[in-house]
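What follows is calculated from the coordinates using simple rules that are stated; it is not laboratory data. The shown structure was predicted, so the numbers you read here are calculated from the model rather than taken from an experiment. All Cβ positions, even for glycine, are placed from backbone atoms using ideal geometry, and neighbour counts span all protein chains on display.
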Amino acid sequence: MPNALAFNARRRHPGSALPITPGASSTIRSDIIRGLGHERANISPKYFYDLPGSELFERITRLPEYYLTRTESAIMAAHGAEIARCLGIGRTVIELGAGSCEKARRLCRLIRPARFVAVDIAAEYLHMAAAGFRAACPDLEVRPVVADLTTDLAMPEDLPRAGRVVFYPGSSIGNFDPPQAAAILSRVRDLLDDDGALLIGVDLVKDADVLEAAYNDAAGVTAAFNLNILSHVNHLIASDFDLGQWRHRAFFNPAQSRVEMHLEAITGVAVRWPGGSRKFLAGESIHTEHSYKFRVEDFLAFLAGIGLHRIALWTDPRHWFAVVLAGP
Ligand SMILES: C[S@@+](CC[C@H](N)C(=O)[O-])C[C@H]1O[C@@H](n2cnc3c(N)ncnc32)[C@H](O)[C@@H]1O
């Protein structure tokens with residue numbers, strides 16, 4: 001994402017980012033306050049993605065420790081011809097959690113779709129990314145759709161049903177607990193006709209040191225990304241989180257096969273927002289993200305349970321990441 005675009009967006013909306021789902025701010029408020037009041041406090045990872053959060057995530061994708069993006073891209077590049085053969089041209093590509101749309105740009109070069117729909121919760125960043133995509137590919141119809149995958153996956157009414165490919169890269173499906181992931185993929189299944197397909201990237205179980213390094217980079221970008229959720233929450237619910245009182249913590253939980261990200265109170269701290277407050281003891285934490293790590297056979301069984309069956313699967317030489325093509 002060119003910085004100039006982000007800068008211009010901030011000038012249009014001085015102060016900070018827009019609420020992530022404009023018009024739904026009371027829902028957002030009660031969602032966040034419910035999570036903060038929980039015995040094991042949590043903030044949904046969907047609140048990472050204000051403008052600074054989206055930009056920090058882009059920086060994470062370029063970190064040496066963050067093998068996910070580069071491994072997935074290498075798989076897609078190595079098997080591009082086969083992916084193109086499986087999918088053919090002229091389809092409708094729908095990317096979920098599109099972010100910068102970088103990966104979709106490469107996919108669209110491969111399979112030359114008729115149109116591209118970019119779905120994301122982060123409205124402002126999405127519109128900037130879609131504008132960049134349009135400028136780079138003026139012959140392609142590019143349609144941004146602002147949606148929260150956890151509640152809604154409605155497509156524009158005039159979007160053709162035939163020939164859809166839902167592209168869900170980055171192992172973002174791993175950010176949801178299994179029941180929530182199953183609900184999202186069932187919504188995906190409902191978007192597809194018999195000729196439809198899901199192309200999804202998933203991160204595989206591997207050595208805990210590799211996993212933990214990916215979420216604890218030496219440059220501290222992941223820590224900044226994690227802490228930034230507090231400033232977004234301050235904006236959304238007018239709370240008074242002081243970022244200096246919290247530290248980033250990420251570790252692999254083998255029993256749950258997931259990397260967990262938390263924000264830990266450095267000292268005892270009270271956080272206030274209009275109508276409420278919460279005290280945290282030193283060392284008490286707010287859970288911000290899960291990133292489930294999969295075994296290939298478990299993930300394929302999970303997809304099959306939703307009615308999505310393996311068409312093809314590609315992985316890297318170290319078997320760190322898999323790209324799965326599945327269909328009804
Ligand atoms: C980990 S980033 C992945 C971005 C990009 N697809 C990639 O693979 O590099 C997750 C993306 O999903 C979006 N996102 C997170 N939660 C979401 C939700 N509940 N509904 C829709 N989009 C969401 C974020 O705004 C962000 O762009």
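Points worth noting:
- Theoretical gain in end-to-end length, Lys279 to Ala154 [0.36 nm per residue, Cα-Cα removed]: 41.1 nm
- Test item: Cα-centred dipole of the chain, Lys/Arg +1 and Asp/Glu -1 on Cβ, debye: 460
- Candidate lysines for bridging to Lys293, where Cα separation is under 23 Å - those fewer than 8 sequence places away on the same chain excluded: Lys46, Lys103, Lys206
- Label-zone membership for segment 261-275, site Ser25, 7 angstrom Cα→C-beta point, backbone N under 18 Å: 273-275
- Result for the chain in a Gaussian network model with C-alpha springs under 10 Å: among Leu198, Leu313, Leu281, the largest mean-square fluctuation is at Leu281.
- Label point distance in nm, Glu297-Ala208, each placed 7 Å from Cα along Cα→Cβ: 2.4
- Ranked by how many other beta carbons lie within 10 Å on average, peptides 264-272, 287-295 from highest: 287-295, 264-272
- Shape category assigned to segment 173-263 from the gyration tensor of Cα positions, a/c cut at 1.5: oblate
- Sorting 48-58, 165-175, 81-91, 213-223 by average packing, meaning the other beta carbons within 10 Å per residue, from highest down gives 165-175, 48-58, 213-223, 81-91.
- Range of Cα positions in the chain per principal axis (Å), largest first: 58, 44, 34
- As a calculated quantity, the FRET efficiency between Ala162 and Arg272 at R0 = 51 Å, using C-beta atoms, amounts to about 0.45.
- Classification of segment 259-328 by its C-alpha gyration tensor yields a prolate form. The axis ratio a/c (a ≥ b ≥ c) is 1.5 or more, and a/b outweighs b/c.
- Arg310-Asp193 FRET efficiency (beta carbon distance; Förster radius 22 Å; 0.05 resolution): 0.75
- Ranking Ala162, Asn253, Pro138 by how far each Cα lies toward the positive end of the dipole of segment 119-264 (charges on Cβ) leaves Asn253 at the top.
- Beta bridges from DSSP with both residues in the chain: antiparallel share about 60 percent, rounded to the nearest 5.
- Sorted into 10 angstrom bins from 0, the C-alpha pair distances of segment 113-167 split as 23, 53, 23, 1 percent.
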